[in-house]
Amino acid sequence: MIYFDHAATTPLAPEVLEEMLPYMQDFYGNASSIHAMGRRSRTAIERARKIIAGHLNASIGEIFFTSCGTESSNMALTAAIRDLGVKHIISSPIEHHCVFHTIDALAKYGDVQKHTVQLLPNGHVDLAHLEELLLSLQIGPTLVSLMHVNNEIGNILDLPTVSALCEQYGAFLHSDTVQTWGFQRIDVQKTKVNFLTGSAHKFHGPKGIGFIYVNSDYPVQPMLFGGSQERNMRAGTENVYGIVGMAKAFDLAYTHLDENRNHILGLKNKMMAALRQEIPAISFNGDVEGSSSYKILNVAFPPSSNADLLLLNLDIAGICASGGSACSSGVDKGSHVLQALQGKDSTTVNVRFSFSRYNTEKEVDKVVDKLKEILKV
Ligand code: PLP
């Protein structure tokens, strides 16, 4: 099996599992209990919060644990309207569904008006159009919600510039940073934002645990009510081993960031070069040689009878890749991101390959060979 679908999810790092196991087997205390077992869990949670806050240069009071990236973005968008008085949201057509559908739902219920920023041909947000929108929306509190690393095409938003524009026009800023953590750094002292989101399973941590950064200058109210967990901000007994695992995965990723980046970028570059050489009719979706994530390569194959079943044939050959956002795999609706980029009538067959530190050059060779065989080139 060759796994080239790390933007969908990543395998748990062995070091992370090792860190989690004691909290699954022996240290099972409820962090709200005041006895020794409870205190042990509480200490582990607070240690994890400190690790994550440290890597963001945030204060520990600005990090809240959630169940996933989807919950974190729902919380940010809902709280911005309810607690910060936001009446307008500017967002892009290529957001992850957890942002895209949430804004649409909030707009449908009449809570907010959605404004869509245009894209440039390479898939980046048109910052001049963003500024035009911000200028025209100075009538009411506005939230800009733009993802940092696009999960399908890998484009990286110029977050410092967007942050500066938001500051200039008095807008709040939320960024879906689920694909960022463990691969890029954001220093929240240098880049001012209101909300950032994270999800452990994207950086070799466990599934079912995420976090939200909430800038303490603009506090918000809870979305889940109940117990006083997460300083009253997110009720529900804490997922202690998930939190411990997420912090370990976060720390591991940043400790070895440069070596991992060099390795993964090497794989992406090798695959790009080999595909260009062996299958010259292909192209790449997004700003692949510009501001782009080193772990994502989205390839557009020209239409042909062999290309039609490409993903299925790769799967049969034991190669895991993705045709678009994995979050809606099984629902054959096509990718809204690629539609926004290529237009509805595009006939290319798009496959996203996404790499991790566990992949090898040999695997790249095997995948390219298999692609040649399937496509009969
Ligand atoms: N945002 C982006 C950019 C993603 O890629 C994903 C998952 O694919 C999510 C949000 C959702 O994260 P989660 O699976 O933790 O809900």
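Details
Yes/no matrix, rows are residues, columns are (1) touching a Cys at 6+ places or on another chain (Cβ under 6 Å); (2) within 16 Å of the ligand (Cβ to nearest atom); (3) at pLDDT below 95:
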site	(1), (2), (3)
Glu289	no, no, yes
Ile296	no, yes, no
Ser305	no, no, yes
Ala317	no, no, no
Ser329	no, yes, yes
Ala340	no, yes, yes
Asp345	no, no, yes
Glu363	no, no, no
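- Of the candidates Val117, Val86, the single residue that is away from the ligand (no atom under 15 Å from the Cβ), open to solvent by less than 30 Å² (accessible area, probe 1.4 Å), closer than 24 Å to Gly334 by Cα and in the same structural domain as Thr191 (by TED's automatic domain parsing) is Val117.
- Search result, residues across region 7-35 that are within 16 Å of the ligand (Cβ to nearest atom) and touching an Asp or Glu at 6+ places or on another chain (Cβ under 9 Å): Ala7
- Within the option set Ser72, Ser136, Ser92, being of a type outside the set (Phe, Trp, Tyr) and in contact with a Leu (Cβ under 7 Å, 6 or more places away or on another chain) holds for one residue only, Ser92.
- Qualifying residue in region 187-194 (condition: farther than 30 Å from Ala13 by Cβ, modelled with pLDDT of 95 or more and open to solvent by less than 50 Å² (accessible area, probe 1.4 Å)): yes
- Sole exception among (1) within 11 Å of the ligand (Cβ to nearest atom); (2) part of a loop (DSSP other than H, G, I, E, B); (3) more than 24 Å from Glu132 (Cβ to Cβ) for Ile186, by number: (1)
Residue-by-condition table, conditions (1) in a helix (DSSP H, G or I); (2) touching a Leu at 6+ places or on another chain (Cβ under 6 Å); (3) not aliphatic (A, V, I, L, M):
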position	(1), (2), (3)
Leu21	yes, no, no
Gly29	no, no, yes
Ser32	no, no, yes
Gly38	yes, no, yes
Thr43	yes, no, yes
Lys50	yes, no, yes
Phe64	no, no, yes
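- Options Gly198, Gly242, Gly140, Gly226: the member that is assigned to a loop (DSSP other than H, G, I, E, B) and modelled with pLDDT of 95 or more: Gly226
- Every listed requirement among (1) open to solvent by 50 Å² or more (accessible area, probe 1.4 Å); (2) more than 19 Å from Ile60 (Cβ to Cβ) is met by Gly266 save one, (1).
The values are calculated or read from the model by the stated rules, or taken from the named source; none is laboratory data. In this text the structure is predicted, and so the values were computed from the model without any measurement. Quick reminder, even Gly has a Cβ in these numbers, built from the backbone with ideal geometry, and neighbours come from all protein chains shown. Keep in mind that these areas ignore ligands, DNA and RNA; they rest on the heavy atoms of the full protein, side chains included. Shrake-Rupley method; radii C 1.70, N 1.55, O 1.52, S 1.80 Å.
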